[in-house]
Amino acid sequence: MSPQPGPTTQTTEVDTGDLRRVLRRAASHAADWLEGLPDRPVAPTAALEELRDRLGHPLSEDGLASDQVLDELVRDTAGGLMGSTGGSFFGWVIGGALPAALAADWMTSAWDQNAALYAASPAAAVLEEIAGSWLKELLGLPPAASFAFVTGCQMAHVTALAAARHRLLDRVHWDVERRGLHGAPAVTVLVGDLHHASIDRALRMLGIGTDAIQVLGTDPLGRMRLDELEAALKESAGQPTIVSLQAGDLNAGAVDDFSQAIPLIREHPNAWAHVDGAFGLWAAAASTKRHLVVGVEAADSWAVDGHKWLNTPFDSGYAIVADAQAHRAAFAVSESYLVHSGTMARDQLDWTPEWSRRGRGVATYAALRNLGRSGIADLVENCCLQAQVLTLSLAALPGVELLHEPTLNQGLVRFLSPGDRDHDEFTDSVIAAIQTDGRAWFGGTSWRGQRAMRISVCNWRTGTDHVDRAVAAVKAALENAASAI
Ligand SMILES: *Cc1c(COP(=O)(O)O)cnc(C)c1O
């Protein structure tokens, strides 16, 4: 084919609208959404087909004006959004964004920086540098530890365990970054039976695979059994071994006994202690809860979320690694077209799995500035208090059995069927009725062989009024479900 003359240069007609007008409009829609949270059902009300119909406009030949796009987006999603950012959501551990963090996140999008390299955005690089050192200080972790701001705890596991993989295999003279895992010495991974499935997924992504996992039992408090840990470490002696401990299991918020477990891991010549602290590690930031995680600072790596208990918007997770060199070895890149800053400044790309990325540290920086040490401690303590009041108030209702009184921010109850019929089925039917009621939202889970309702408080908004409304909603749903039997 002979080269064709290119089309004549032509600027595409894009109606950007009036920039200030469309941004103000977005701010106004956002405030409407947030202010309206208490008056709308927490659960989504729009059906799947309805949303597909509303949102499924034909891909048009000609575009729409910016403000029309925005208005129709708001109109078409109505009823299809979960009120999880409000104070009446007690389902999964999902925090609600602080206004300062939300506003900073808007600035992140407005600045639209590529926060991969210092050279591409000096302020974004320095913001992360500062926010990372604040996080270590707040959580009581080693000041020399490295860190990465990633999308969430899932990717924080991938990041931290890539560092672990590097260090453990390097000690047995295997360069995993160059050679991969084919033919490499096996890596064993020890986890408790309450571990989060994001650990398994991290191992899948890292090529270690789930067959490497050895599941250890937990004691009545949900902590990894130390006798089993000791025996498993003895068995894998000399082999590269990752032990994944946990601060805050998703049901009862169980926390491992770090001050006992980590010294045992240290006796093993080639083991790495990782901590899944997605929400539970925040206990370290509150003086009344810090005792729960004592000794955690001795681990090798930690994964924790901003978008859960720090109440930043999604996506915000942190990987923190004591062995900065192993962390860097797993991710650092050097390319001629990039502008590397060497030791002068921090290039985020050397620590993250992403290449181009948003200024992910900005919202965290703003949340930490907004709350300060005491504000964060208050946030953590208030959530724990509300979780306890809510759980005990529910447990005081007739037909409610208390399964777990919160030690942190997580409680568990179940509902007893009148006439002693199927309690599991009854529990699920009451949970469904509460969700339909709309005044609060709780989710179900299986705990120690029984169906249960999780009570999770993880939001700066949740106060006494939300707790009272939630108790009233549960009471009504329970009475209706019981009379329907
Ligand atoms: C939420 C959670 C995760 C996963 O975190 P994401 O931020 O959703 O990726 C991992 N572990 C625990 C204990 C969690 O609660």
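Observations
- Region 403-440, subset assigned to a strand (DSSP E or B) and open to solvent by 10 Å² or more (accessible area, probe 1.4 Å), residue farthest from Asn251 (Cα to Cα): Arg414
- Pick from region 309-328, criterion in contact with a Lys or Arg (Cβ under 8 Å, 6 or more places away or on another chain) and hydrophobic (A, V, I, L, M, F, W, C), ranking: surrounded by the most Cβ atoms within 10 Å (Cβ to Cβ): Ile320
- Any hit, region 212-229, residues being β-branched (Val, Ile, Thr) and either in contact (Cβ under 8 Å) with a residue 40 or more places away in the chain or on the phi > 0 side of the Ramachandran plot (or both): no
- Count - residues of region 387-399 that are within 30 Å of the chain's Cα centre (by Cα) and either open to solvent by less than 50 Å² (accessible area, probe 1.4 Å) or among the charged types (D, E, K, R) (or both): 6
- Selection status of Ala110, over 30 Å from Cys383 (Cα atoms) and either assigned to a helix (DSSP H, G or I) or open to solvent by 40 Å² or more (accessible area, probe 1.4 Å) (or both): yes
- Among residues of region 89-100 that are farther than 10 Å from Ser456 by Cβ and at pLDDT 95 or above, those with a beta-carbon under 9 Å from a residue that is more than 14 Å from the ligand (Cβ to nearest atom) and among the basic types (Lys, Arg) at least six positions away or on a different chain give the pairs Ala100/Arg369.
- Any hit, region 455-463, residues being open to solvent by 10 Å² or more (accessible area, probe 1.4 Å), part of a helix (DSSP H, G or I) and on the phi < 0 side of the Ramachandran plot: no
- Unique match (being within 16 Å of the ligand (Cβ to nearest atom) and over 21 Å from Val150 (Cα atoms)) among Thr241, Thr188, Thr218: Thr218
The values are calculated or read from the model by the stated rules, or taken from the named source; none is laboratory data. Owing to the predicted nature of the structure, the values given are computational and were not obtained by experimental measurement. Note: ideal-geometry Cβ built from the backbone for every residue, glycine included; neighbour counts use all protein chains shown. Side chains included, ligands, DNA and RNA excluded: accessible areas come from the protein's heavy atoms. Shrake-Rupley method; radii C 1.70, N 1.55, O 1.52, S 1.80 Å.
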